[in-house]
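Here is the structure we will look at, set down as structure tokens.
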Amino acid sequence: QVQLQESGPGLVLPSQTLSLTCTVSGVSVAGNYHYWSWIRQSPGKGLEWMGSIRSVGRIYYSPSLMSRTSISRDTSKNQFTLQLSSVTLEDTAVYYCARVDGGYWYPDYWGQGTQVTVSS
């Protein structure tokens, strides 16, 4: 069974970098078919796709976030990560990692989500 689990600090100071890790079990992240993705949800904005990594050199970001977003993959640990720099209060959200099907672009597995609050 495929399982994804987010981990990282639940509280981040404004202007700092938000860093999250998605640990995957049941399937390897080393393949090049699925898009390993980060999606967030805030009360005012709903679901927002942030970015995805498919393979080495194939990383995609939301245009609205790409200047602040970095996604990477560690195949040895079967993990992929999210870094969001220069955070503000508007970045407070529930952050999800997800596996997105590479054929028709749809999430088929999600983590449970982790609340991240930006506050001083």
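Taking residue 59, is it aliphatic (A, V, I, L, M), surrounded by 15 or more Cβ atoms within 10 Å (Cβ to Cβ), more than 18 Å from residue 9 (Cα to Cα) and touching a strand residue (DSSP E or B) at 6+ places or on another chain (Cβ under 6 Å)?
The answer is yes for residue 59.
Any residue in the stretch 1-30 that is touching a residue at least 40 places away in the same chain (Cβ under 8 Å) and of a type in the set (D, E, K, R) sitting within a Cβ distance under 9 Å of a residue that is in a loop (DSSP other than H, G, I, E, B) and surrounded by fewer than 20 Cβ atoms within 10 Å (Cβ to Cβ)? List the pairs, counting only those 6 or more apart or interchain.
From the stretch 1-30, the pairs are 6/112; 6/113.
Quick one: in the stretch 73-87, which of the residues that are of a type outside the set (Lys, Arg), open to solvent by 70 Å² or more (accessible area, probe 1.4 Å) and part of a loop (DSSP other than H, G, I, E, B) is nearest to residue 30 (Cα to Cα)?
That would be 75.
In the list 9, 63, which residue meets the criterion of being within 17 Å of residue 90 (Cβ to Cβ) and either out of contact with any Gly (no Cβ under 7 Å at 6 or more places or on another chain) or not in a loop (DSSP other than H, G, I, E, B) (or both)?
The unique qualifying residue is 63.
Taking the conditions exactly as written (part of a strand (DSSP E or B), touching a residue at least 60 places away in the same chain (Cβ under 8 Å) and either over 11 Å from the mean Cα position of the chain (by Cα) or closer than 18 Å to residue 108 by Cβ (or both)), does residue 41 satisfy them or not?
Working: part of a strand (DSSP E or B): yes; touching a residue at least 60 places away in the same chain (Cβ under 8 Å): yes; either over 11 Å from the mean Cα position of the chain (by Cα) or closer than 18 Å to residue 108 by Cβ (or both): yes.
It is true that residue 41 is part of a strand (DSSP E or B), touching a residue at least 60 places away in the same chain (Cβ under 8 Å) and either over 11 Å from the mean Cα position of the chain (by Cα) or closer than 18 Å to residue 108 by Cβ (or both).
From the list 46, 51, 102, which residue is open to solvent by less than 30 Å² (accessible area, probe 1.4 Å), modelled with pLDDT under 95 and closer than 19 Å to residue 116 by Cβ?
46
Do you know which of the residues in the stretch 105-120 that are open to solvent by less than 60 Å² (accessible area, probe 1.4 Å) and more than 21 Å from residue 12 (Cβ to Cβ) is nearest to the chain's Cα centre (by Cα)? Explain how you work it out, then say what you get.
We begin by selecting, within the stretch 105-120, every residue open to solvent by less than 60 Å² (accessible area, probe 1.4 Å); these are 107-108, 111, 113-114, 116-119.
If we keep only those that are more than 21 Å from residue 12 (Cβ to Cβ) too, we end up with 107-108.
On the way: 107: 12, 108: 15 Å.
Out of the qualifying residues, it is 107.
Can you tell me which residue among 37, 64 is of a type in the set (Gly, Ala, Ser), at pLDDT 95 or above and in contact with a Pro (Cβ under 9 Å, 6 or more places away or on another chain)?
On inspection, the qualifying residue turns out to be 37.
Select from the stretch 1-24 the residues that are under 16 Å from the mean Cα position of the chain (by Cα) and polar (S, T, N, Q) and list them in ascending order.
3, 5, 7, 17, 19, 21, 23
The values are calculated or read from the model by the stated rules, or taken from the named source; none is laboratory data. Small disclaimer: the values here were computed from a predicted structure and weren't measured. As a convention, Cβ positions derive from the backbone with ideal geometry for all residues, glycine included, and neighbour counts pool all protein chains shown. Note: accessible area is taken over every heavy atom of the protein model, side chains too, but ligands, DNA and RNA are not part of it. Shrake-Rupley method; radii C 1.70, N 1.55, O 1.52, S 1.80 Å.
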